[in-house]
Amino acid sequence: MLFHPIMLPLLTLLFSYVIFCILRKLRSNPKLKLPPSPPRIPIIGNFHQITPLFHQFLHQMSLKYGPLVLFKFGSKPTLVVSSAEATSDILKTHDIIFADRFPAKAFKILFFGGNDIIMSPYNEQWKQLRKFCVVELLSPKRVNSFKHIREEEVDKMIQNIARERGGVVNLTETVFTVLNAIVFRCSLGDNFNKEYTDGFIELIEKANSLAGAFSFGDFFPWLQWLDIVSGFDAKLRNAAKELNIFFDQIIDDSIRISSQVDHSHHDKDEKKSFKEILISHAGKNNSSFTRECMKGLIMDMFVGGIDTSATVVDWAMAELIKNPKLMKKAQEEVRRVVGNKTNKVEEHHINQMDYLKCIVKETLRMHPPIPTYSRRSSGSAKIGGCDIPPNMEVFINVWTFQRDPKLWDEAEEFRPERFINNPIDFKGQDFQFIPFGSGRRGCPGMSFGLAVVELVLANLLFAFDWELPGGASSEELDMDEKAGFTIMRRTPIQVVPVPFCATFS
(Lines give C-alpha, C1' and ligand atoms only; values in the text may rest on other atoms or scores of the structure.)
Protein backbone atom coordinates (compact mmCIF):
# COMPACT_ATOMS: atom_id res chain seq x y z
CA MET A 1 0.00 0.00 0.00
CA LEU A 2 1.50 3.35 -1.08
CA PHE A 3 1.79 6.16 1.46
CA HIS A 4 -0.25 9.11 0.20
CA PRO A 5 1.56 12.49 0.62
CA ILE A 6 -1.40 13.98 2.46
CA MET A 7 -1.23 11.34 5.22
CA LEU A 8 1.80 12.84 7.00
CA PRO A 9 0.28 16.30 7.66
CA LEU A 10 -3.02 14.71 8.66
CA LEU A 11 -1.30 12.40 11.17
CA THR A 12 0.75 15.32 12.49
CA LEU A 13 -2.41 17.39 12.92
CA LEU A 14 -4.20 14.51 14.67
CA PHE A 15 -1.26 13.89 17.01
CA SER A 16 -1.05 17.60 17.85
CA TYR A 17 -4.76 17.70 18.61
CA VAL A 18 -4.52 14.71 20.99
CA ILE A 19 -1.58 16.31 22.83
CA PHE A 20 -3.48 19.61 23.03
CA CYS A 21 -6.54 17.88 24.55
CA ILE A 22 -4.41 16.06 27.11
CA LEU A 23 -2.58 19.23 28.14
CA ARG A 24 -5.83 21.19 28.34
CA LYS A 25 -7.34 18.54 30.59
CA LEU A 26 -4.30 18.56 32.84
CA ARG A 27 -4.24 22.36 33.07
CA SER A 28 -7.97 22.61 33.77
CA ASN A 29 -7.58 20.81 37.11
CA PRO A 30 -3.96 21.42 38.15
CA LYS A 31 -4.65 21.01 41.87
CA LEU A 32 -7.39 18.38 41.79
CA LYS A 33 -6.89 15.87 44.59
CA LEU A 34 -8.42 12.58 43.43
CA PRO A 35 -8.82 9.37 45.46
CA PRO A 36 -6.16 6.67 45.07
CA SER A 37 -6.51 4.29 42.12
CA PRO A 38 -5.34 0.74 41.45
CA PRO A 39 -3.23 0.21 38.30
CA ARG A 40 -5.31 0.02 35.14
CA ILE A 41 -4.96 -1.21 31.58
CA PRO A 42 -5.53 1.18 28.67
CA ILE A 43 -9.06 1.15 27.24
CA ILE A 44 -10.51 -1.50 29.61
CA GLY A 45 -9.33 0.22 32.80
CA ASN A 46 -9.92 -2.00 35.86
CA PHE A 47 -12.41 -4.42 34.30
CA HIS A 48 -9.86 -7.24 34.36
CA GLN A 49 -9.78 -7.14 38.17
CA ILE A 50 -13.52 -7.54 38.83
CA THR A 51 -14.70 -10.80 40.42
CA PRO A 52 -18.28 -12.22 40.28
CA LEU A 53 -19.12 -11.06 43.81
CA PHE A 54 -18.74 -7.38 43.04
CA HIS A 55 -19.23 -6.11 46.61
CA GLN A 56 -16.53 -8.44 47.93
CA PHE A 57 -14.15 -7.31 45.18
CA LEU A 58 -14.80 -3.68 46.19
CA HIS A 59 -14.27 -4.65 49.83
CA GLN A 60 -10.85 -6.15 49.09
CA MET A 61 -9.86 -3.03 47.13
CA SER A 62 -10.90 -0.81 50.06
CA LEU A 63 -8.67 -2.81 52.41
CA LYS A 64 -5.74 -2.11 50.09
CA TYR A 65 -6.41 1.47 48.94
CA GLY A 66 -8.67 2.98 51.60
CA PRO A 67 -12.32 4.07 52.01
CA LEU A 68 -12.32 6.03 48.73
CA VAL A 69 -11.03 4.34 45.59
CA LEU A 70 -11.18 5.65 42.04
CA PHE A 71 -11.63 3.02 39.32
CA LYS A 72 -11.95 3.24 35.56
CA PHE A 73 -14.44 0.76 34.14
CA GLY A 74 -14.11 1.21 30.40
CA SER A 75 -14.73 4.90 29.74
CA LYS A 76 -16.49 5.40 33.08
CA PRO A 77 -14.56 6.90 36.02
CA THR A 78 -16.10 5.30 39.09
CA LEU A 79 -15.74 6.20 42.77
CA VAL A 80 -16.18 3.43 45.34
CA VAL A 81 -17.08 4.52 48.87
CA SER A 82 -16.51 2.06 51.72
CA SER A 83 -16.83 4.10 54.92
CA ALA A 84 -19.79 5.37 56.94
CA GLU A 85 -18.21 8.81 57.27
CA ALA A 86 -17.76 9.33 53.52
CA THR A 87 -21.24 7.91 52.92
CA SER A 88 -22.66 10.53 55.28
CA ASP A 89 -20.93 13.23 53.21
CA ILE A 90 -22.55 11.87 50.04
CA LEU A 91 -26.06 11.01 51.25
CA LYS A 92 -26.49 13.82 53.76
CA THR A 93 -24.16 16.75 53.20
CA HIS A 94 -24.15 16.54 49.39
CA ASP A 95 -27.30 14.47 48.81
CA ILE A 96 -28.64 16.76 46.08
CA ILE A 97 -25.41 16.42 44.06
CA PHE A 98 -25.52 12.61 44.28
CA ALA A 99 -29.26 12.15 43.75
CA ASP A 100 -28.96 10.62 40.27
CA ARG A 101 -28.26 6.99 39.43
CA PHE A 102 -26.14 5.34 36.77
CA PRO A 103 -28.48 5.19 33.71
CA ALA A 104 -27.84 1.58 32.67
CA LYS A 105 -29.32 0.59 29.31
CA ALA A 106 -31.10 -2.50 30.69
CA PHE A 107 -32.89 -0.55 33.41
CA LYS A 108 -34.03 2.16 31.01
CA ILE A 109 -35.57 -0.43 28.71
CA LEU A 110 -37.01 -2.81 31.32
CA PHE A 111 -38.32 -0.06 33.58
CA PHE A 112 -40.34 1.60 30.84
CA GLY A 113 -37.98 4.38 29.90
CA GLY A 114 -37.07 5.28 33.47
CA ASN A 115 -40.69 6.04 34.45
CA ASP A 116 -40.26 4.62 37.94
CA ILE A 117 -38.59 5.62 41.21
CA ILE A 118 -35.82 3.01 41.51
CA MET A 119 -33.69 3.98 38.53
CA SER A 120 -35.14 7.15 37.01
CA PRO A 121 -33.07 10.38 37.07
CA TYR A 122 -33.64 12.93 39.81
CA ASN A 123 -36.10 15.39 38.28
CA GLU A 124 -39.55 16.85 38.85
CA GLN A 125 -41.35 13.73 37.65
CA TRP A 126 -39.30 11.55 40.00
CA LYS A 127 -40.21 13.87 42.91
CA GLN A 128 -43.91 13.53 42.11
CA LEU A 129 -43.69 9.74 41.81
CA ARG A 130 -41.72 9.49 45.05
CA LYS A 131 -44.25 11.65 46.91
CA PHE A 132 -47.11 9.58 45.54
CA CYS A 133 -45.44 6.34 46.69
CA VAL A 134 -44.76 7.64 50.19
CA VAL A 135 -48.20 9.21 50.69
CA GLU A 136 -50.45 6.80 48.77
CA LEU A 137 -48.85 3.48 47.86
CA LEU A 138 -46.58 2.74 50.82
CA SER A 139 -47.93 4.80 53.72
CA PRO A 140 -48.32 3.06 57.11
CA LYS A 141 -52.10 3.04 56.61
CA ARG A 142 -51.76 1.40 53.21
CA VAL A 143 -49.24 -1.17 54.44
CA ASN A 144 -51.61 -2.05 57.27
CA SER A 145 -54.47 -2.46 54.77
CA PHE A 146 -52.63 -5.47 53.28
CA LYS A 147 -52.48 -7.22 56.65
CA HIS A 148 -55.12 -9.79 55.67
CA ILE A 149 -53.17 -10.73 52.53
CA ARG A 150 -49.94 -11.24 54.47
CA GLU A 151 -51.64 -13.37 57.12
CA GLU A 152 -53.61 -15.46 54.59
CA GLU A 153 -50.56 -16.26 52.47
CA VAL A 154 -48.36 -17.03 55.49
CA ASP A 155 -51.07 -19.39 56.79
CA LYS A 156 -51.01 -21.20 53.43
CA MET A 157 -47.23 -21.46 53.64
CA ILE A 158 -47.33 -23.07 57.09
CA GLN A 159 -50.06 -25.51 56.00
CA ASN A 160 -48.05 -26.51 52.93
CA ILE A 161 -44.95 -27.16 55.05
CA ALA A 162 -47.01 -29.21 57.53
CA ARG A 163 -48.27 -31.45 54.71
CA GLU A 164 -44.72 -32.63 54.10
CA ARG A 165 -45.05 -34.66 57.34
CA GLY A 166 -41.38 -34.83 58.21
CA GLY A 167 -40.06 -34.81 54.66
CA VAL A 168 -37.31 -32.54 53.38
CA VAL A 169 -38.47 -29.01 52.54
CA ASN A 170 -36.71 -26.54 50.25
CA LEU A 171 -37.14 -23.62 52.62
CA THR A 172 -35.56 -21.11 50.25
CA GLU A 173 -38.06 -21.92 47.51
CA THR A 174 -40.93 -21.90 50.02
CA VAL A 175 -40.05 -18.40 51.22
CA PHE A 176 -39.75 -17.03 47.67
CA THR A 177 -43.12 -18.57 46.81
CA VAL A 178 -44.93 -16.87 49.68
CA LEU A 179 -43.27 -13.52 48.89
CA ASN A 180 -44.34 -13.86 45.25
CA ALA A 181 -47.93 -14.48 46.32
CA ILE A 182 -48.03 -11.56 48.78
CA VAL A 183 -46.50 -9.01 46.41
CA PHE A 184 -48.64 -10.23 43.50
CA ARG A 185 -51.90 -9.82 45.45
CA CYS A 186 -50.90 -6.46 46.95
CA SER A 187 -49.81 -5.13 43.55
CA LEU A 188 -52.50 -6.51 41.26
CA GLY A 189 -55.34 -7.46 43.58
CA ASP A 190 -57.46 -10.60 43.43
CA ASN A 191 -59.91 -9.57 40.71
CA PHE A 192 -57.74 -9.88 37.62
CA ASN A 193 -57.70 -12.35 34.76
CA LYS A 194 -55.51 -15.09 36.19
CA GLU A 195 -54.53 -16.36 32.74
CA TYR A 196 -52.11 -13.42 32.64
CA THR A 197 -50.15 -14.76 35.58
CA ASP A 198 -48.82 -17.81 33.70
CA GLY A 199 -45.11 -17.35 33.43
CA PHE A 200 -45.15 -13.81 34.84
CA ILE A 201 -42.89 -14.61 37.79
CA GLU A 202 -40.45 -16.26 35.37
CA LEU A 203 -40.58 -13.08 33.27
CA ILE A 204 -39.74 -10.95 36.32
CA GLU A 205 -36.84 -13.26 37.12
CA LYS A 206 -35.61 -12.98 33.52
CA ALA A 207 -35.86 -9.19 33.72
CA ASN A 208 -33.87 -9.21 36.98
CA SER A 209 -31.19 -11.33 35.34
CA LEU A 210 -30.96 -9.01 32.33
CA ALA A 211 -30.87 -5.93 34.58
CA GLY A 212 -27.76 -7.30 36.27
CA ALA A 213 -26.05 -8.40 33.05
CA PHE A 214 -23.06 -6.67 31.47
CA SER A 215 -23.69 -4.24 28.61
CA PHE A 216 -20.82 -3.11 26.37
CA GLY A 217 -22.71 0.08 25.53
CA ASP A 218 -22.82 1.17 29.18
CA PHE A 219 -19.03 1.22 29.53
CA PHE A 220 -17.65 1.29 25.98
CA PRO A 221 -19.95 3.49 23.85
CA TRP A 222 -17.93 2.71 20.72
CA LEU A 223 -18.54 -1.03 21.28
CA GLN A 224 -22.31 -0.88 21.78
CA TRP A 225 -22.68 -2.77 18.48
CA LEU A 226 -21.45 -5.85 20.40
CA ASP A 227 -24.69 -5.78 22.43
CA ILE A 228 -26.50 -6.27 19.13
CA VAL A 229 -24.17 -9.01 17.88
CA SER A 230 -24.31 -10.89 21.20
CA GLY A 231 -28.12 -10.82 21.24
CA PHE A 232 -28.27 -8.80 24.45
CA ASP A 233 -30.30 -5.97 22.88
CA ALA A 234 -32.76 -8.46 21.39
CA LYS A 235 -33.24 -10.14 24.78
CA LEU A 236 -33.91 -6.75 26.38
CA ARG A 237 -36.43 -5.77 23.70
CA ASN A 238 -38.23 -9.12 23.92
CA ALA A 239 -38.46 -8.99 27.72
CA ALA A 240 -39.68 -5.39 27.59
CA LYS A 241 -42.28 -6.35 24.97
CA GLU A 242 -43.60 -9.20 27.15
CA LEU A 243 -43.75 -6.92 30.21
CA ASN A 244 -45.61 -4.29 28.20
CA ILE A 245 -48.16 -6.83 26.97
CA PHE A 246 -48.76 -8.11 30.50
CA PHE A 247 -49.15 -4.70 32.13
CA ASP A 248 -51.26 -3.31 29.29
CA GLN A 249 -53.66 -6.23 29.62
CA ILE A 250 -54.16 -5.92 33.35
CA ILE A 251 -54.48 -2.12 33.18
CA ASP A 252 -57.00 -2.30 30.32
CA ASP A 253 -59.02 -4.97 32.14
CA SER A 254 -59.03 -2.92 35.33
CA ILE A 255 -60.19 0.23 33.53
CA ARG A 256 -62.95 -1.75 31.78
CA ILE A 257 -64.13 -3.36 35.01
CA SER A 258 -63.99 -0.04 36.84
CA SER A 259 -66.22 1.59 34.22
CA GLN A 260 -68.86 -1.07 34.81
CA VAL A 261 -68.90 -0.70 38.60
CA ASP A 262 -71.48 1.35 40.45
CA HIS A 263 -69.06 3.77 42.16
CA SER A 264 -71.70 4.95 44.60
CA HIS A 265 -71.13 1.62 46.37
CA HIS A 266 -67.50 0.97 45.47
CA ASP A 267 -65.13 -0.92 47.71
CA LYS A 268 -63.47 1.00 50.47
CA ASP A 269 -60.23 2.68 49.47
CA GLU A 270 -58.18 0.67 51.97
CA LYS A 271 -59.01 -2.54 50.08
CA LYS A 272 -57.51 -1.32 46.80
CA SER A 273 -54.40 -2.90 45.29
CA PHE A 274 -51.43 -0.86 44.08
CA LYS A 275 -52.73 -1.21 40.52
CA GLU A 276 -56.19 0.14 41.41
CA ILE A 277 -54.70 3.09 43.32
CA LEU A 278 -52.49 3.95 40.34
CA ILE A 279 -55.39 3.84 37.88
CA SER A 280 -57.56 5.93 40.17
CA HIS A 281 -54.79 8.52 40.59
CA ALA A 282 -54.17 8.67 36.85
CA GLY A 283 -57.85 9.33 36.25
CA LYS A 284 -57.96 12.41 38.46
CA ASN A 285 -57.01 14.87 35.67
CA ASN A 286 -53.35 13.97 36.24
CA SER A 287 -51.91 14.18 32.75
CA SER A 288 -48.31 13.76 33.93
CA PHE A 289 -49.12 10.39 35.51
CA THR A 290 -48.87 8.31 32.36
CA ARG A 291 -49.49 4.64 31.69
CA GLU A 292 -45.71 4.18 31.52
CA CYS A 293 -45.48 5.57 35.06
CA MET A 294 -48.07 3.05 36.23
CA LYS A 295 -46.13 0.20 34.66
CA GLY A 296 -42.84 1.42 36.10
CA LEU A 297 -44.18 1.71 39.64
CA ILE A 298 -45.80 -1.74 39.55
CA MET A 299 -42.51 -3.12 38.23
CA ASP A 300 -40.75 -1.46 41.18
CA MET A 301 -43.06 -3.29 43.59
CA PHE A 302 -42.09 -6.67 42.13
CA VAL A 303 -38.38 -6.01 41.78
CA GLY A 304 -38.04 -4.23 45.12
CA GLY A 305 -40.51 -6.32 47.10
CA ILE A 306 -39.91 -9.99 46.33
CA ASP A 307 -36.21 -10.86 46.07
CA THR A 308 -35.03 -8.44 48.75
CA SER A 309 -37.54 -9.54 51.41
CA ALA A 310 -37.21 -13.25 50.61
CA THR A 311 -33.42 -12.97 50.77
CA VAL A 312 -33.56 -11.46 54.27
CA VAL A 313 -35.79 -14.28 55.57
CA ASP A 314 -33.57 -16.89 53.91
CA TRP A 315 -30.37 -15.49 55.46
CA ALA A 316 -32.05 -15.12 58.87
CA MET A 317 -33.20 -18.75 58.91
CA ALA A 318 -29.78 -19.92 57.72
CA GLU A 319 -28.00 -18.02 60.50
CA LEU A 320 -30.41 -19.39 63.15
CA ILE A 321 -30.09 -22.97 61.88
CA LYS A 322 -26.32 -22.57 62.00
CA ASN A 323 -26.57 -21.22 65.58
CA PRO A 324 -28.92 -23.56 67.50
CA LYS A 325 -28.69 -21.55 70.75
CA LEU A 326 -29.91 -18.43 68.97
CA MET A 327 -32.65 -20.45 67.27
CA LYS A 328 -33.86 -21.74 70.63
CA LYS A 329 -33.85 -18.26 72.15
CA ALA A 330 -35.84 -16.88 69.22
CA GLN A 331 -38.39 -19.69 69.33
CA GLU A 332 -38.87 -19.34 73.08
CA GLU A 333 -39.70 -15.65 72.67
CA VAL A 334 -42.12 -16.18 69.78
CA ARG A 335 -43.94 -19.06 71.49
CA ARG A 336 -44.12 -17.23 74.81
CA VAL A 337 -45.69 -14.15 73.19
CA VAL A 338 -48.25 -16.16 71.21
CA GLY A 339 -49.13 -18.44 74.10
CA ASN A 340 -51.76 -21.18 73.90
CA LYS A 341 -54.74 -19.12 72.73
CA THR A 342 -53.95 -19.41 69.01
CA ASN A 343 -51.90 -21.62 66.71
CA LYS A 344 -50.25 -18.88 64.66
CA VAL A 345 -48.41 -15.60 64.92
CA GLU A 346 -50.56 -12.61 64.03
CA GLU A 347 -49.23 -9.16 63.27
CA HIS A 348 -50.30 -7.67 66.61
CA HIS A 349 -47.93 -10.15 68.31
CA ILE A 350 -44.86 -8.85 66.49
CA ASN A 351 -44.43 -5.64 68.48
CA GLN A 352 -43.86 -7.74 71.62
CA MET A 353 -41.04 -9.73 69.99
CA ASP A 354 -37.96 -7.64 70.71
CA TYR A 355 -35.46 -10.41 70.02
CA LEU A 356 -37.07 -11.21 66.68
CA LYS A 357 -36.60 -7.60 65.64
CA CYS A 358 -32.95 -7.81 66.71
CA ILE A 359 -32.53 -10.90 64.50
CA VAL A 360 -33.93 -8.99 61.51
CA LYS A 361 -31.59 -6.06 62.19
CA GLU A 362 -28.54 -8.30 62.53
CA THR A 363 -29.45 -10.10 59.31
CA LEU A 364 -29.72 -6.78 57.49
CA ARG A 365 -26.37 -5.72 58.94
CA MET A 366 -24.47 -8.84 57.87
CA HIS A 367 -26.43 -9.64 54.72
CA PRO A 368 -27.88 -6.49 53.14
CA PRO A 369 -29.85 -7.83 50.16
CA ILE A 370 -28.48 -5.03 47.95
CA PRO A 371 -24.89 -4.56 49.20
CA THR A 372 -23.96 -1.64 46.93
CA TYR A 373 -25.95 1.47 46.00
CA SER A 374 -25.26 3.43 42.85
CA ARG A 375 -25.20 7.20 42.50
CA ARG A 376 -23.89 9.75 39.99
CA SER A 377 -22.45 13.18 40.73
CA SER A 378 -24.20 16.08 39.00
CA GLY A 379 -21.63 18.60 40.27
CA SER A 380 -18.31 18.89 42.09
CA ALA A 381 -17.99 17.90 45.75
CA LYS A 382 -15.37 17.39 48.42
CA ILE A 383 -15.64 13.90 49.96
CA GLY A 384 -13.21 12.60 52.57
CA GLY A 385 -10.66 15.27 51.63
CA CYS A 386 -10.79 14.31 47.94
CA ASP A 387 -12.17 16.23 44.98
CA ILE A 388 -15.02 14.50 43.18
CA PRO A 389 -15.74 15.98 39.73
CA PRO A 390 -19.14 15.99 37.96
CA ASN A 391 -20.44 12.97 36.02
CA MET A 392 -18.67 10.51 38.30
CA GLU A 393 -20.30 7.12 38.82
CA VAL A 394 -20.41 6.23 42.53
CA PHE A 395 -20.85 2.89 44.29
CA ILE A 396 -21.51 2.93 48.03
CA ASN A 397 -20.51 -0.45 49.45
CA VAL A 398 -22.63 -0.76 52.60
CA TRP A 399 -21.52 -4.40 52.93
CA THR A 400 -18.05 -3.20 53.95
CA PHE A 401 -18.84 -0.69 56.66
CA GLN A 402 -21.70 -2.74 58.09
CA ARG A 403 -18.95 -5.26 58.90
CA ASP A 404 -16.31 -2.73 59.89
CA PRO A 405 -14.61 -3.91 63.15
CA LYS A 406 -14.02 -0.24 64.05
CA LEU A 407 -17.79 0.28 64.17
CA TRP A 408 -19.02 -3.15 65.32
CA ASP A 409 -17.73 -5.50 68.02
CA GLU A 410 -17.12 -9.00 66.64
CA ALA A 411 -18.27 -7.66 63.28
CA GLU A 412 -18.10 -11.04 61.50
CA GLU A 413 -20.21 -12.81 64.13
CA PHE A 414 -24.00 -13.10 63.94
CA ARG A 415 -25.00 -11.58 67.29
CA PRO A 416 -28.58 -10.22 67.44
CA GLU A 417 -27.94 -9.22 71.05
CA ARG A 418 -25.88 -6.27 69.85
CA PHE A 419 -29.15 -4.47 69.03
CA ILE A 420 -30.77 -4.92 72.45
CA ASN A 421 -31.24 -1.42 73.92
CA ASN A 422 -29.10 -0.12 71.06
CA PRO A 423 -30.20 3.23 69.60
CA ILE A 424 -28.61 2.44 66.19
CA ASP A 425 -31.39 1.90 63.66
CA PHE A 426 -31.71 1.29 59.91
CA LYS A 427 -33.96 4.23 59.08
CA GLY A 428 -31.21 6.16 57.33
CA GLN A 429 -29.76 8.42 60.02
CA ASP A 430 -27.10 6.06 61.39
CA PHE A 431 -24.73 5.77 58.46
CA GLN A 432 -22.90 2.71 59.75
CA PHE A 433 -26.19 0.81 59.20
CA ILE A 434 -28.19 1.73 56.08
CA PRO A 435 -29.49 -1.47 54.42
CA PHE A 436 -32.44 0.56 53.05
CA GLY A 437 -30.27 3.44 51.88
CA SER A 438 -30.64 7.03 53.03
CA GLY A 439 -31.47 10.49 51.79
CA ARG A 440 -33.63 11.24 48.78
CA ARG A 441 -33.06 7.79 47.33
CA GLY A 442 -33.79 5.89 50.53
CA CYS A 443 -36.14 2.92 50.03
CA PRO A 444 -39.79 4.05 50.39
CA GLY A 445 -40.92 0.43 50.79
CA MET A 446 -39.08 -0.21 54.06
CA SER A 447 -42.22 -0.61 56.21
CA PHE A 448 -43.89 -2.86 53.62
CA GLY A 449 -40.83 -5.12 53.43
CA LEU A 450 -40.34 -5.33 57.20
CA ALA A 451 -44.00 -6.23 57.79
CA VAL A 452 -43.63 -9.22 55.45
CA VAL A 453 -40.21 -10.33 56.71
CA GLU A 454 -41.17 -10.24 60.40
CA LEU A 455 -44.46 -12.10 59.92
CA VAL A 456 -42.97 -14.86 57.73
CA LEU A 457 -39.97 -15.33 60.02
CA ALA A 458 -42.03 -15.35 63.23
CA ASN A 459 -44.42 -18.02 61.90
CA LEU A 460 -41.57 -20.24 60.72
CA LEU A 461 -40.03 -20.04 64.19
CA PHE A 462 -43.35 -20.62 65.95
CA ALA A 463 -44.77 -23.55 63.97
CA PHE A 464 -41.74 -25.83 63.60
CA ASP A 465 -38.41 -26.90 64.92
CA TRP A 466 -35.88 -27.33 62.12
CA GLU A 467 -33.39 -30.12 61.48
CA LEU A 468 -30.90 -30.72 58.67
CA PRO A 469 -31.50 -33.88 56.58
CA GLY A 470 -29.71 -37.06 57.59
CA GLY A 471 -28.70 -35.70 60.95
CA ALA A 472 -26.16 -33.33 59.38
CA SER A 473 -24.40 -30.89 61.69
CA SER A 474 -25.46 -27.23 61.59
CA GLU A 475 -21.81 -26.36 61.00
CA GLU A 476 -22.07 -27.98 57.56
CA LEU A 477 -24.66 -25.47 56.30
CA ASP A 478 -23.31 -23.64 53.25
CA MET A 479 -23.24 -19.88 53.92
CA ASP A 480 -21.49 -18.77 50.73
CA GLU A 481 -22.99 -16.00 48.64
CA LYS A 482 -24.25 -16.10 45.06
CA ALA A 483 -23.85 -13.18 42.66
CA GLY A 484 -27.00 -11.44 41.45
CA PHE A 485 -29.06 -8.28 41.66
CA THR A 486 -29.70 -9.26 45.27
CA ILE A 487 -27.09 -11.28 47.18
CA MET A 488 -28.62 -14.62 48.02
CA ARG A 489 -27.11 -17.75 49.47
CA ARG A 490 -25.36 -20.02 46.97
CA THR A 491 -27.37 -23.13 47.87
CA PRO A 492 -31.01 -23.40 49.01
CA ILE A 493 -31.83 -24.39 52.58
CA GLN A 494 -32.93 -28.04 52.66
CA VAL A 495 -34.43 -28.82 56.08
CA VAL A 496 -36.81 -31.18 57.86
CA PRO A 497 -39.63 -29.37 59.72
CA VAL A 498 -40.62 -30.88 63.07
CA PRO A 499 -44.11 -29.67 64.12
CA PHE A 500 -44.16 -27.74 67.37
CA CYS A 501 -47.64 -28.95 68.36
CA ALA A 502 -50.37 -31.31 67.15
CA THR A 503 -51.98 -28.54 65.10
CA PHE A 504 -49.15 -28.76 62.56
CA SER A 505 -48.77 -32.54 62.61
Residue by residue through region 363-374, note down the ones that are over 14 Å from the mean Cα position of the chain (by Cα) and in contact (Cβ under 8 Å) with a residue 60 or more places away in the chain.
-> ARG365
Flag for LYS427 being open to solvent by 20 Å² or more (accessible area, probe 1.4 Å), free of Cβ contacts under 8 Å to residues at least 12 places away in the same chain, in a loop (DSSP other than H, G, I, E, B) and not acidic (Asp, Glu) | no
Enumeration of residues in region 461-482 that are crowded, with 16+ Cβ neighbours inside 10 Å, acidic (Asp, Glu) and in contact (Cβ under 8 Å) with a residue 40 or more places away in the chain | GLU481
GLU153 passes all but one of (1) in contact (Cβ under 8 Å) with a residue 40 or more places away in the chain; (2) open to solvent by less than 40 Å² (accessible area, probe 1.4 Å); which number fails?
-> (1)
Please enumerate the residues belonging to region 215-237 that are open to solvent by 90 Å² or more (accessible area, probe 1.4 Å) and farther than 13 Å from PHE111 by Cα.
-> TRP222, GLN224, TRP225, ILE228, VAL229, LYS235
Only listed residue being modelled with pLDDT of 90 or more, part of a helix (DSSP H, G or I) and polar (S, T, N, Q), chosen from SER309, SER280 = SER309
What is the one condition in (1) under 30 Å from LYS325 (Cβ atoms); (2) more than 22 Å from the chain's Cα centre (by Cα); (3) among the basic types (Lys, Arg) that LYS427 does not satisfy?
-> (2)
If we scan region 308-322, do we find a residue that is farther than 28 Å from ILE434 by Cβ and open to solvent by 10 Å² or more (accessible area, probe 1.4 Å)?
-> no
Output the residue which, of all residues in region 138-164 that are closer than 18 Å to LEU179 by Cβ and hydrophobic (A, V, I, L, M, F, W, C), is nearest to the chain's Cα centre (by Cα).
-> LEU138
For region 200-227, what are the residues that are of a type in the set (A, V, I, L, M) and in contact (Cβ under 8 Å) with a residue 40 or more places away in the chain?
-> LEU203, ILE204, ALA207, LEU210, ALA211, ALA213
Determine the pairs where a residue that is touching a residue at least 60 places away in the same chain (Cβ under 8 Å), located within region 163-185, has a partner that is open to solvent by 40 Å² or more (accessible area, probe 1.4 Å) and in a helix (DSSP H, G or I) with Cβ atoms under 7 Å apart, the partner being 6 or more residues away or on another chain.
-> VAL168/PRO469
Consider GLY442 carefully, then state whether it is within 16 Å of the chain's Cα centre (by Cα) and open to solvent by less than 40 Å² (accessible area, probe 1.4 Å).
-> yes
Note down all Cβ pairs under 8 Å where the first residue falls in region 261-281 and is within 18 Å of VAL183 (Cβ to Cβ), the second is buried (at least 18 other Cβ atoms within 10 Å of the Cβ) and modelled with pLDDT under 60, and they're at least six residues apart or on different chains.
-> LYS275/PHE192
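The values are calculated or read from the model by the stated rules, or taken from the named source; none is laboratory data. Just so you know, these numbers come straight off a predicted model, no measurement behind them. Please note: Cβ atoms are built from the backbone with ideal geometry, for glycine as well, and neighbour counts cover all protein chains shown. Note: accessible area is taken over every heavy atom of the protein model, side chains too, but ligands, DNA and RNA are not part of it. Shrake-Rupley method; radii C 1.70, N 1.55, O 1.52, S 1.80 Å.
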